[in-house]
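Okay, so here's the structure we're looking at.
Computed from the coordinates by the stated procedures, all read-outs in this text should not be read as laboratory data. Source: prediction; values computed, not measured.
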Amino acid sequence: MFIKTEDTPNPETLKFIPGQIVSPNKNYSFNDLSDAKNISPLAIALFETDLVKTVFFGDEFISITKLPEHNWDFIKAEILSVITEHFL
């Protein structure tokens, strides 16, 4: 599975495009693990990495804002792994 990434105006946020529908009927914004409980297993898994500050689901993309103490160069692979595992 190939997941495309795009930069956003916020350097702390990356847009992940898995090439599949993420949230077909409604956009979701999650500010922490408790927001994701009982709604999204993917958002829960992303927060459980302890790398993520916020998660947003659009129709065909996931925007993730990382915690400021982390660098995308070091955490991007782990985030991609979580997303890939979810969709497979």
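Helical content alone sets the calculated 222 nm signal of the chain at -8500 deg cm²/dmol, taking -39,500 (n - 2.57) per DSSP H segment of four or more residues and averaging over every residue.
Where the eigenvalues come from the Cα gyration tensor of the chain, what are the semi-axes √(5λ) of the equivalent ellipsoid, largest first, in whole Å?
Semi-axes (√(5λ), whole Å): 17, 15, 13.
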